[in-house]
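One structure is given below, encoded as C-alpha cells.
The values are calculated or read from the model by the stated rules, or taken from the named source; none is laboratory data. Being a predicted model, the structure only gives us computed values, none of them experimental. Heads up, the Cβs are rebuilt from the backbone with ideal geometry, glycines too, and the neighbour counts pull from every protein chain shown.
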Amino acid sequence: MKEWMHPDIGLVVLRKNSRSKRLSLRVRPQRPVTVTIPTFYPYWMAKQMVHQHLEWIKEQQNAQQINAATKGIDWDTKFEMRDKVLFFQATKDHAFGLESKASNYLISIPENVDLKSPSTQDILQKMVIEVLRKEAKNYLPSRTNKFAKNKGIVINQVSIKNMKTRWGSCSSKKNVNFSLYLMLLPDVLIDYVIYHELAHIKHQNHSAAYWQHLEQLLPGAKQLDAAMKHQQMPFI
C-alpha cells in the first residue's frame, strides 16, 4: 500500500489486491480516496486513474460535504465519549455556554438563534471539538504510555490532532498521533487503534510481519480491524 497526498483532493490511498482484476476507485465521506489495483499493475496506473477522474472525484467530495453539512447539530444530537455524554439545550441567555459535570457536558444555545445557520453550526462544531480534544488529551497519552511500557515499546511523543481521514498515525521518529474523534469509539476499539499505532514502531507498513506483531501485542487484532472498517468519522 502507498499513500499519496494530492494537492486538490487530499490523501489518496493506493492499495494492491491479489483478488482484483481491474482498477477500482472509491470516494467515501471523511475517508481518503482509495484506488485498488491488481498486484501485477504498477502504482503509476493508479495515479493515472486519479488524474483521469479528478473532476468526478472533486464533485463526489463536494456532494458529500454538502450532505454532511445538511445533517448538522440538532437539539437531540448527542455525542457519547466513553463514560461521558455531550448534550445540547436551549437557554434564555444571549451567549453560548459549555458546562462540564461529572458524567456529561452540556452546551447551551441561545433559544433565539437559528440553529441551522452556518454561523451557529460553526460555533457548535468548534465547541464539540474543544470537548473532544480535552477528553482525548486526558485519556489517550496516558493509555498509550501504559500499553507501551507493558509491552516494552519505546515511544517518543503522543499528540492529539483534529484528523478527519485517519484515526491515528505513527512516524519513523516514534511519534504517535491520534485523532480526537477517537474518543467517540467504544473502549475496545480505542485500545485497538492504540495498539495498531504502537505496532508501527517496529514495522512502518502493513506487511504480514506487521500483522503478526500486532496479533502478538493484541490477540484478536484482525477481528477488531474488521470492526473498525464499519466506523465512520463524525460529520463535524
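Tabulated data for the structure shown
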item	result
Any hit, the range 38-52, residues being β-branched (Val, Ile, Thr) and modelled with pLDDT under 90	no
Qualifying residue in the range 130-139 (condition: surrounded by 15 or more Cβ atoms within 10 Å (Cβ to Cβ), within 15 Å of Ile194 (Cβ to Cβ) and free of Cβ contacts under 8 Å to residues at least 24 places away in the same chain)	yes
Residue check for Leu214: part of a helix (DSSP H, G or I) and touching a Phe, Trp or Tyr at 6+ places or on another chain (Cβ under 6 Å)	no
Checklist (1) touching a strand residue (DSSP E or B) at 6+ places or on another chain (Cβ under 9 Å); (2) modelled with pLDDT of 95 or more; (3) small (Gly, Ala, Ser) applied to Gly152, failing item	(1)
Enumerated strands (runs of 3 or more DSSP E) restricted to the range 59-157, each holding at least 3 residues that are hydrophobic (A, V, I, L, M, F, W, C)	84-91, 104-110
The range 81-92 residues that are among the polar types (S, T, N, Q), paired with ones that are surrounded by 13 or more Cβ atoms within 10 Å (Cβ to Cβ) and part of a strand (DSSP E or B) (beta carbon under 8 Å, 6 or more apart)	Gln89/Leu106; Gln89/Ile107; Gln89/Ser108; Gln89/Ile109; Thr91/Gly97; Thr91/Ser108; Thr91/Ile109; Thr91/Pro110
Matching option when the condition is closer than 29 Å to Val85 by Cβ and touching a helix residue (DSSP H, G or I) at 6+ places or on another chain (Cβ under 8 Å), among Leu218, Leu214	Leu218
Within the range 29-58, considering residues that are part of a loop (DSSP other than H, G, I, E, B) and in contact (Cβ under 8 Å) with a residue 40 or more places away in the chain, the one farthest from Asn205 (Cα to Cα)	Pro29
Qualifying residue in the range 75-94 (condition: modelled with pLDDT under 90 and among the small types (Gly, Ala, Ser))	no
Qualifying positions in the range 2-28 - outside any strand (DSSP E or B) and under 17 Å from Asn205 (Cβ atoms)	Ser18
Test: residue in the range 192-210 that is surrounded by 12 or more Cβ atoms within 10 Å (Cβ to Cβ), acidic (Asp, Glu), within 22 Å of Ile129 (Cα to Cα) and not assigned by TED's automatic domain parsing to the domain that holds Tyr105	no
Ile194 being within 21 Å of Ala136 (Cα to Cα), modelled with pLDDT of 95 or more and not in a helix (DSSP H, G or I)	no
Complete set of residues in the range 149-194 that are over 29 Å from Arg28 (Cα atoms) and either in contact with a helix residue (DSSP H, G or I) (Cβ under 6 Å, 6 or more places away or on another chain) or charged (D, E, K, R) (or both)	Lys149, Lys151, Ile153, Ile155, Lys173, Lys174
Condition check for Val35: within 27 Å of Leu184 (Cα to Cα) and either among the β-branched types (Val, Ile, Thr) or loosely packed, with under 15 Cβ neighbours inside 10 Å (or both)	no
